[in-house]
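The values are calculated or read from the model by the stated rules, or taken from the named source; none is laboratory data. Here the structure is a predicted model, which means the values were calculated and not measured. Here the Cβ is made from the backbone with ideal geometry for all residues, glycine too, and neighbour counts use every protein chain on show.
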Amino acid sequence: MVGLAIATLGSVGCSQDGIAEPGVPVAYVEIDVGHNSGISSERLEVIRDEASLADLWRVHTTWQDPVPEQPQVDFSTNMVIAMFLGDKPTGGYGLEVVGVVEEMDRWVVQLRADSAGSGCGVTTAQTQPYRILSVPRSGKNVSFDIADTVTDCE
């Protein structure tokens with residue numbers, strides 16, 4: 001999971017007087033969520049145009065028949081943030097969006113990558129947890145803060 005942690009900075013910005021201030025929450029809509037994807041490697045992506053979304057959707061849905069319809073996104077006012085954990089050997093893995101916050105110079109997507117610990121019953125099927133969000137369009141850079149959590153079931 002370390003490979004996914006592009007940025008591990010908290011959602012705190014600095015005001016002009018140097019005092020830390022929290023980021024401003026950004027509204028988002030989950031447009032696709034699940035545990036099975038054609039994207040088998042860790043991937044974090046910001047998509048700002050229709051063609052890029054079509055490319056991602058084609059790879060993401062390659063295993064499905066029939067292929068689900070691509071979500072409609074108005075890229076004049078929105079953009080897409082897509083997060084994939086890649087292949088996991090069993091069930092018991094998940095990806096949760098804790099929040100999206102705007103700081104002075106960037107947006108931070110706060111994520112929690114969950115995995116089942118000792119004593120947990122999980123499916124033996126390979127999974128690929130993912131989340132795809134629609135958010136208001138911004139020209140700011142987007143970074144990802146990922147916390148790994150393990151839940152024991154004993």
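A few remarks follow.
- Unmet requirement for GLN72, which otherwise passes all of (1) more than 27 Å from ASP49 (Cβ to Cβ); (2) part of a loop (DSSP other than H, G, I, E, B): (1)
- Checking the stretch 96-115 against the condition returns no match, with no residue being among the basic types (Lys, Arg) and in a helix (DSSP H, G or I).
- Residues that are more than 24 Å from GLN126 (Cα to Cα) and either touching a residue at least 60 places away in the same chain (Cβ under 8 Å) or not hydroxyl-bearing (Ser, Thr, Tyr) (or both) within the stretch 45-68 comprise VAL46, ILE47, ARG48, ASP49, GLU50, ALA51, LEU53, ALA54, listed in sequence order.
- Residues located in the stretch 102-124, provided they are loosely packed, with under 15 Cβ neighbours inside 10 Å and at pLDDT below 95: MET104, ASP105, GLY117, SER118, GLY119, GLY121, THR123, THR124
- MET1 being of a type in the set (A, V, I, L, M), at pLDDT below 95 and under 21 Å from VAL142 (Cα atoms): yes
- Cβ-Cβ under 6 Å pairs, at least 6 apart or on other chains, the stretch 130-151 side over 24 Å from VAL59 (Cβ atoms), far side β-branched (Val, Ile, Thr) and assigned to a strand (DSSP E or B): ASP145/VAL108
- Residue within the stretch 141-153 that is at pLDDT 95 or above, farther than 24 Å from SER41 by Cα, surrounded by fewer than 17 Cβ atoms within 10 Å (Cβ to Cβ) and in contact with a Lys or Arg (Cβ under 8 Å, 6 or more places away or on another chain) present: no
- Of THR61, THR77, all but one fail to be closer than 28 Å to PRO22 by Cβ, at pLDDT 95 or above and surrounded by fewer than 20 Cβ atoms within 10 Å (Cβ to Cβ); the exception is THR77.
- Matching residues, the stretch 13-47, being of a type outside the set (S, T, N, Q), at pLDDT 50 or above and assigned to a loop (DSSP other than H, G, I, E, B): GLY23, VAL26, ALA27, TYR28, HIS35, GLY38, ILE39, GLU42
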